[in-house]
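The block underneath contains the structure these notes are about, expressed in structure tokens.
The values are calculated or read from the model by the stated rules, or taken from the named source; none is laboratory data. Note that this is a predicted model, so its numbers are computed, not measured. Note: ideal-geometry Cβ built from the backbone for every residue, glycine included; neighbour counts use all protein chains shown. The protein model used for the area step is the full one, side chains on, heavy atoms only, and it has no ligands, DNA or RNA in it. Shrake-Rupley method; radii C 1.70, N 1.55, O 1.52, S 1.80 Å.
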Amino acid sequence: MSGRYLALFAAAAVVLLGPVQAAGQTSAAAESGTASRTPWGDPDLQGTWTNTTRTPLERPTHLGATEVYTEEQVSELNEQAARNVDRPPPPGETGAYNSFWMENGERSRRTSLVVDPPDGRVPYTPRERERADAFAAAINADGAADTWTDRNLYERCITRGLPGTMMPGFYNHNYHILQAPGYVVIYVEMIHDARIVPLDGRAHVPASIRQWLGSSRGRWEGDTLVVETTNFTDAVHDRGLTVFGGGRDGRLVERFTRVDADTIDYEFTFDDSTVFTRPWTAAIPMTRMEGPLFEYACHEGNYGLENILAGARAEEQAAAAAGGAR
């Protein structure tokens, strides 16, 4: 375990009045699937969880109003994915990680993680959809590598933003939830984002303070943990499963409900009138997993960013040399 990982939990132990004890308090009731409570009476969400899935965020447009697949369609899609796994990249491309590194999970019968609006699509404003498409086109066309600031925050090992941090995609979408009286901690394997959520009714930080993951405040509504997050920075520009951050006016409301020993029913509603035409909701079940989270040493092994920029400079030099030779 890295020193960074140990330091984080040491700090959390001070702030959270002893979560080392809390981490071991998943009761026998949770093991049996009956209602579980912490020693101080809150619903017990503790443990390690994953939300890995093959279900896409948005419904493919060709599916129209189809909200769920048949069992036969799901089976066919899974077989198709198995046939396509680890195919060699097209000529001239380096390809990416093979299946050994990926955590694809299972495809659900739902055609999208977005459950509202009914079309299963994120309701971008026309301007935001155009901006997002232009960003993606620039990345795909020329690599957008004039400077490291052209690359998104995930590639730069900074954050995936919110709700991106809580969304699945490819690997390391695993979470360690700890509880202590008055607090919930959500520790994320990907980039090691850590969310410390107070439950004591305190106000959000002042509007002048903007944070990568915003300002989160939680409360219990029956057995459901409700977390409201505001005070986002507008520096998370990408909109996809890799990075997805709220704008300055964004408001994220998450709901965590443990429905049995092995499942948390998780959903979020995201509202930002500068980006979306209406609030939208995604449902992403979290499944219990065994074992601790792994170290995610992003900066230490981040050769990708260096090589993207170096490759772009090499291509420019080659183009300049070819032009001078004519």
Checking Tyr303 against (1) touching a helix residue (DSSP H, G or I) at 6+ places or on another chain (Cβ under 9 Å); (2) surrounded by fewer than 13 Cβ atoms within 10 Å (Cβ to Cβ); (3) of a type in the set (Ser, Thr, Tyr), the condition it does not meet: (1)
Against the conditions (1) closer than 29 Å to Gly250 by Cα; (2) at pLDDT 80 or above; (3) open to solvent by 70 Å² or more (accessible area, probe 1.4 Å); (4) of a type outside the set (Ser, Thr, Tyr), where does Leu153 fall short? Just the number, please. (3)
Since Gln80 meets every condition but one in (1) at pLDDT below 90; (2) part of a loop (DSSP other than H, G, I, E, B), which condition does it not meet? (2)
With the checklist (1) surrounded by 14 or more Cβ atoms within 10 Å (Cβ to Cβ); (2) under 30 Å from Ser108 (Cα atoms) in hand, flag the one item Ala312 doesn't pass. (2)
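Yes/no matrix, rows are residues, columns are (1) at pLDDT 85 or above; (2) touching an Asp or Glu at 6+ places or on another chain (Cβ under 7 Å); (3) within 29 Å of Glu106 (Cβ to Cβ); (4) of a type outside the set (Ser, Thr, Tyr):
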site: Arg127; (1), (2), (3), (4): yes, no, no, yes
site: Asn140; (1), (2), (3), (4): no, no, yes, yes
site: Gly143; (1), (2), (3), (4): no, no, no, yes
site: Tyr171; (1), (2), (3), (4): yes, yes, yes, no
Out of (1) surrounded by 17 or more Cβ atoms within 10 Å (Cβ to Cβ); (2) at pLDDT 90 or above; (3) touching a Lys or Arg at 6+ places or on another chain (Cβ under 7 Å); (4) assigned to a loop (DSSP other than H, G, I, E, B), the odd one out for His204 is which? (1)
Residue check for Ala23: buried (at least 18 other Cβ atoms within 10 Å of the Cβ) and either at pLDDT 85 or above or hydrophobic (A, V, I, L, M, F, W, C) (or both): yes
Has the stretch 181-193 got at least one residue that is touching a residue at least 24 places away in the same chain (Cβ under 8 Å), in a loop (DSSP other than H, G, I, E, B) and among the hydroxyl-bearing types (Ser, Thr, Tyr)? no
Matching residues, the stretch 294-326, being assigned to a helix (DSSP H, G or I) and aliphatic (A, V, I, L, M): Leu305, Ile308, Leu309, Ala310, Ala312, Ala314, Ala318, Ala319, Ala320, Ala321, Ala322, Ala325
Checking Gly222 against (1) within 22 Å of Asp265 (Cα to Cα); (2) within 15 Å of the chain's Cα centre (by Cα), which single condition isn't satisfied? (2)
Near pairs, Cβ below 6 angstrom, 6+ apart or cross-chain, from the stretch 291-312 (under 16 Å from Thr149 (Cβ atoms)) to any residue that is open to solvent by less than 90 Å² (accessible area, probe 1.4 Å): Asn302/Cys157; Leu305/Glu155; Ile308/Ala145; Leu309/Ala145; Ala312/Gly143; Ala312/Ala145
Against the condition within 23 Å of Thr55 (Cα to Cα) and either out of contact with any strand residue (DSSP E or B) (no Cβ under 6 Å at 6 or more places or on another chain) or crowded, with 18+ Cβ neighbours inside 10 Å (or both), how does Tyr183 come out, does it pass? no
Would you be able to tell me the number of residues in the stretch 274-290 that are in contact with a Phe, Trp or Tyr (Cβ under 9 Å, 6 or more places away or on another chain) and either among the β-branched types (Val, Ile, Thr) or within 30 Å of Asp146 (Cα to Cα) (or both)? 6
If you go through the stretch 92-137 one residue at a time, how many are open to solvent by less than 80 Å² (accessible area, probe 1.4 Å), β-branched (Val, Ile, Thr) and in a loop (DSSP other than H, G, I, E, B)? 3
What number of residues within the stretch 209-240 are within 26 Å of Asn152 (Cα to Cα), open to solvent by 10 Å² or more (accessible area, probe 1.4 Å), in contact with a strand residue (DSSP E or B) (Cβ under 7 Å, 6 or more places away or on another chain) and assigned to a strand (DSSP E or B)? 3
Identify all residues within the stretch 241-261 that are open to solvent by less than 40 Å² (accessible area, probe 1.4 Å) and either at pLDDT below 90 or not hydroxyl-bearing (Ser, Thr, Tyr) (or both); write none if there are none. Val243, Phe244, Gly245, Gly246, Gly247, Gly250, Leu252, Val253, Glu254, Phe256, Ala261
Scanning for something modelled with pLDDT of 85 or more and over 30 Å from Arg37 (Cβ atoms), does the stretch 280-292 turn up at least one residue? yes
Identify all residues within the stretch 50-71 that are in contact with a His (Cβ under 8 Å, 6 or more places away or on another chain) and not in a loop (DSSP other than H, G, I, E, B); write none if there are none. Thr50
